[in-house]
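Only one structure is covered here, and it is reproduced in the block below.
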Amino acid sequence: MNKLNAKIPEGPLAEKWANHKAHIGVVSPANKRKLDIIVVGTGLAGGSAAASLAELGYNVLSFCYQDSPRRAHSIAAQGGINAAKNYQNDNDSIYRLFYETIKGGDYRAREANVYRLAEVSGAIIDQCVAQGVPFARDYGGLLDNRSFGGALVSRTFYARGQTGQQLLLGCYGALNRQVKNGNVKVYSRHEVLDIVIIDGKARGVIARDLVTGKIERFGAHAVVLATGGYGNVFFLSTNAMGCNVSAAWQAYKRGAFFGNPCFVQIHPTCIPVHGDQQSKLTLMSESLRNDGRVWVPKKKEDAEKLQAGTITPNDIPDEERDFYLERRYPAFGNLVPRDVASRAAKERCDAGFGVNNTGKAVFLDFKYAIRRLGEETIRKRYGNLFQMYEKITDVNPYREPMMIYPAIHYSMGGLWVDYNLMTTVPGLYAIGECNFSDHGANRLGASALMQGLADGYFILPYTIGDYLAKEIQTPKIDTASPEFDKAEQQVNDRLRALHDIKGTKSPDHFHKLLGHVMWDHVGMARDAESLEQALRLIRELKQEFYRDLRVTGDFSAMNNELEKAGRVADFFELAELMTRDALERAESCGGHFRLESVTEEGEAKRDDERYRHVSAWEYKGDNVAPELHREPLAYENIQIAQRSYK
Amino acid sequence: MSDKILKELTLKIWRQKDAKAKGGFETYKIRDISGGTSFLEMLDILNEQLVGENKEPVAFDHDCREGICGMCSLFINGRAHGPDDEVTTCQLHLRRFKDGETITIEPWRSGAFPVIKDLIVDRKAFEKIQQAGGYVSVTTGGVPDGNAIPVPSEKAEEAMDAAACIGCGACVATCKNSSAMLFVAAKVSQLALLPQGKIEAARRAKAMVAKMDELGFGNCTNTGACESECPKKISIEHIARLNREYLKAKLQE
């Protein structure tokens, strides 16, 4: 029997969510007060969920590793948030947003989930406006929109280049209001390191207080993971330095299946790598592709001169420039989806037309937009992004084109969840980037903010009630139980083992090496041979890690090195599962590009016969192969087709 | 994008084992480092060196490394977030320093921000101020359509200027009185400018100012140092708006 039950409601697509809500359990206000919920992570998903659940009357315990919930990495999202409002009268609709999201995800997402996402998208904008989010407005005072990749309409709402910040601060305000009301207790500078399961249900977490180093236990009637993505397995990514997979990974080891781990997004517009001491990559918002034109030289000798620094980009006349996205994809041009744009950049650079001294960059040029709209308009639209670019590179993008290159940005894969956003462990939920659910094999720009807030404000607060309605008789969870004892001991032993290796190399040293293996072998283009090789290299490096790791400092005190060591240990295990998943999926789809599976024109070629499913991996033990379960994907409302942006 | 190499930098860094310990400066050398390296990457490199010598690395707060999360802090050569205007420490690059230079690195210095370890301080006081009223009291669901209440675009833009605050604490660390007025003003002003936030403007101003006073932040004496050191260039005009809102609230009493 298939262990995966997605619990998709019956009925026509557009009625599923309404029908589902009408038939699920609801907890009375008097009983909500008696129920505790742990929410791990305070980004858009976790913050909005914690605030909304507390407003309903539940007792919420909210955890984040940063010193404040406001610092979660959603804060760094720049460009915008999608919603099917059709304010622009350009024929947008719930169906169109749904369709473009499924197509953008290369037909590897669930129809019912994505439709629901599109359905609640409008309410998110209303909510954020009511909270005082200063969205951009037109001169009539109404909300403004911009365009994003993979969409034929203009449905992206924005607050300059700081949309994520403003949405997160809105939900941080809502959270603070509940802290003041006594319904939420925030545990900042706490890292959740294990999930406690009692009689098959999630009943709490083990967390380390990052200030004192003390390992603590917390009980609750349900646990919600909103811990974001795992892009940092590549070391260099656009994620924040502290982003990690640890809580989600321990959930996997406690029985939550991991969905599509090989689906990661490589964002086309990041500032190129400058040297081997680099710690992270900086994204330049996709919104820049509204007005910037992407090009490389037509002639290889020009590219070589640019690499050598003997000419500047402005020396190359228009007719010698290859606007390769406009050339290859006339319908969408510079606004093709991210996976397509990234691969096209890699193709040009691999062919020898790349720029920068490394040959690993392409131009994003605003000359044409400045000529058309004036510098002031461009400054108003992207001023802070241009400033950020200049600070990092010392190049003025108003005068010279930006240089960009793809970088790891987002993970579409994550913990497998059903329609209620519950993992395969009863009472354990995963929301936002932490789950696998809505973006298939490639996420469209401005959809991560939409999904995080949809899950946290409008979906989980309903669906968790269905589970908790059956828990109203369960008393407060007693953390003085053998299950908590054991879990705490295991966390303690795991960290102690890392601390006591007493080798010679830092956690960062190993993390960088792991990142290189992942980028080279499990990055933008993958084939069976390179993936097999990656599996060997990851295992060798992991052995070396456990032999030669050095964690300085005290065990029971603030210790950044110990934090990093724990995260890197989990990344090693995740890396193996990602590689295994990439190897098993011998088709190309979205961000997962297998060199063995391409069309004659070099585009990703899906294999719907064999792979039209979600891969959900079940942990079977430390040195045992995980078991693969498949959730077939049915497309009843969309004509599935080879994706084309031409 | 080719940067010069700095042959040697001397770093004087504040080290303090924990909140109770007495801290002091330690001196370190960094050699042959590219001007394109970010300031925090330089600290990463120093920490690798220290781990290699089996010494404890320097603890410092950081996360997004793109100037938006507000986690990084640091007083660098006597200035919050270092010598450049309009950047956070994580956006500062070594090309702004001269070869052979000595760089002094300290944590935020303010009674309201006690040191936790080395360069890390406790900014929970900021959380408490926000919890006192830094929001619009709306509950999820049941709100009007986003376009139901038009907002003049210049008001939205001005609100956005204030809302750009990242809560890093540079204003407090820079102020000779350790005042948090700019931080409080940014939120009060943002919400007072928008029709959605106007309803509670008086209550908000009173509650946040009262909490700020209670937590031991000093008074504002209008020196403007906070504005000039703010990485997001939040204007002290917002403090004027806060004062107006506060006065209005008091008059209504």
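I want the antiparallel fraction of DSSP beta bridges within chain A, as a percent rounded to 5. Walk me through the numbers on the way to the answer.
On the way: 44 of 63 bridges.
Antiparallel bridges make up about 70 percent of those DSSP assigns within chain A.
Across bins of 5 angstrom width beginning at 0, how are the C-alpha pair distances of the stretch B:124-252 distributed, in whole percent?
Spelled out per bin, shortest first, that is 2, 11, 21, 24, 20, 12, 6, 3, 1, 0.
Report the trypsin sites (Lys or Arg not before Pro) located in the stretch A:382-455 that are in a DSSP loop and have at most 16 other Cβ atoms inside 10 Å of their Cβ, or state none.
Answer in residue order: A:Arg399.
Taking a label point 7 Å from the Cα of A:Val26 along the Cα→Cβ vector, which residues of the stretch B:139-177 have an amide N closer than 17 Å to it?
B:140-143
Please pull out the direction-averaged projected area of the stretch B:62-146, using the convex hull of its alpha-carbon atoms, in nm² to one decimal place.
That works out to 8.6 nm², a quarter of the Cα hull's surface.
Quick one: Karplus J couplings for the stretch A:314-331, per residue in order, coefficients 6.51, -1.76, 1.60, θ = phi - 60°, nearest Hz, x for Gly and Pro?
These are the phi-based 3J(HN,Hα) values: 5, 6, 8, x, 3, 6, 9, 9, 9, 7, 5, 6, 5, 5, 7, 10, x, 5 Hz.
Please give, to one decimal in nm, the separation of the simple spin-label points placed at A:Arg33 and B:Lys17, each 7 Å out from Cα toward the Cβ.
4.8
So what does the Cα-only Debye profile of the stretch A:528-575 read at q = 0.17, 0.20, 0.22, 0.24 Å⁻¹, as log10 I(q)/I(0), no solvent term?
-0.57, -0.71, -0.80, -0.88
Report Rg(Cα)/(2.2 N^0.38 Å) for the stretch A:267-409, keeping two decimals. Could you put the intermediate results ahead of the total?
Values: Rg = 14.0 Å, N = 143, 2.2 N^0.38 = 14.5 Å.
After normalising by residue count via 2.2 N^0.38 Å, the value is 0.97.
Normalise the Cα radius of gyration of the stretch A:482-620 by 2.2 N^0.38 Å (N = residues in it) and let me know the number.
After normalising by residue count via 2.2 N^0.38 Å, the value is 1.29.
With N set to the number of residues, divide the alpha-carbon radius of gyration of the stretch A:1-45 by 2.2 N^0.38 Å and report two decimals.
1.65
On a 0 to 90° scale, report how tilted helix A:163-180 is relative to the longest principal axis of chain A, with both axes built from alpha carbons and the result rounded to the nearest 10.
Between helix and principal axis, roughly 20 degrees.
Give the order of A:Ser246, A:Ser154, B:Ser189 when sorted by the count of other beta carbons within 10 angstrom, beginning with the fewest.
Placing the least packed residue first, the sequence is A:Ser154, A:Ser246, B:Ser189.
Can you work out the Karplus-derived ³J(HN,Hα) for every residue in the stretch B:245-253? Use 6.51 cos²θ - 1.76 cosθ + 1.60 with θ = phi - 60°, whole Hz, and x for glycine or proline.
4, 5, 4, 4, 4, 5, 5, 6, 5
So what's the net charge close to A:Leu44: Lys and Arg +1, Asp and Glu -1, counting the other residues with Cβ under 10 Å from its Cβ?
Combined, the nearby Lys, Arg, Asp and Glu give -2.
Once you treat every alpha carbon in chain B as an equal point and sum by Debye, what is log10 I(q)/I(0) at q = 0.07 Å⁻¹?
Evaluating at q = 0.07 Å⁻¹ gives log10 I(q)/I(0) of -0.29.
Between B:Ser137 and A:Gln473, how high is the FRET efficiency from 1/(1 + (r/R0)^6) when r is the Cβ-Cβ distance and R₀ = 41 Å? Nearest 0.05.
On the way: r = 34 Å, r/R0 = 0.82.
Working from the Cβ atoms, E equals 0.75.
Net charge around A:Gly352, counting only other residues with Cβ within less than 14 Å of its Cβ (Lys, Arg = +1; Asp, Glu = -1)?
+1
Quick one: 3J(HN,Hα) in Hz for the stretch A:49-64, Karplus 6.51/-1.76/1.60 with θ = phi - 60°, rounded, Gly and Pro as x.
5, 4, 5, 5, 5, 5, 4, 6, x, 6, 8, 10, 10, 10, 10, 8
Give me the aspartates and glutamates in straight-line cross-link reach of B:Lys20: C-alpha distance below 12 Å, same-chain residues under 8 apart excluded.
B:Asp118
I'd like the orientation of helix A:507-521 relative to chain A: the angle between its Cα long axis and the longest Cα principal axis, in ° from 0 to 90, rounded to 10.
Compared with the principal axis, the helix lies near 60 degrees.
May I ask for the Rg/Rh ratio of the stretch A:580-635, computed from Cα atoms with Rh as the Kirkwood radius, given to two decimals?
Here Rg/Rh amounts to 1.05.
Specify the angular offset, from 0 to 90 degrees and rounded to the nearest 10, of the alpha carbon long axis of helix A:338-350 from the longest principal axis of the alpha carbons in chain A.
Tilt of helix A:338-350: around 50 degrees.
Write down, largest first, the equivalent ellipsoid semi-axes of chain A in whole Å, where each equals the square root of 5 times an eigenvalue of the alpha-carbon gyration tensor.
The three semi-axes for chain A are 38, 29, 24 Å.
Amide H to amide H, which residues 5 or more places from B:Leu6 or on other chains are under 5 Å from it, using H placed in the peptide plane?
B:Ile33, B:Ser34, B:Gly35
At a Cα cut-off below 27 Å, give the lysines reachable from B:Lys98, other chains included and same-chain residues fewer than 8 away excluded.
Straight-distance partners of B:Lys98: A:Lys280, A:Lys391, B:Lys4, B:Lys7, B:Lys12, B:Lys29, B:Lys232, B:Lys233.
Using only the Cα atoms of the stretch B:5-116, what semi-axes does the equivalent ellipsoid have when each is the square root of 5 times a gyration tensor eigenvalue? Give whole Å, largest first.
21, 18, 13
Across every pair of different alpha-carbon atoms, what Kirkwood hydrodynamic radius in Å does the stretch A:19-131 reach?
Over the stretch A:19-131, the inverse of the mean reciprocal pair distance is 16.7 Å.
Values in this text are rule-based calculations from the coordinates and carry no lab data. As the structure is a prediction and not an experimental result, all values here were calculated from the model. Here the Cβ is made from the backbone with ideal geometry for all residues, glycine too, and neighbour counts use every protein chain on show.
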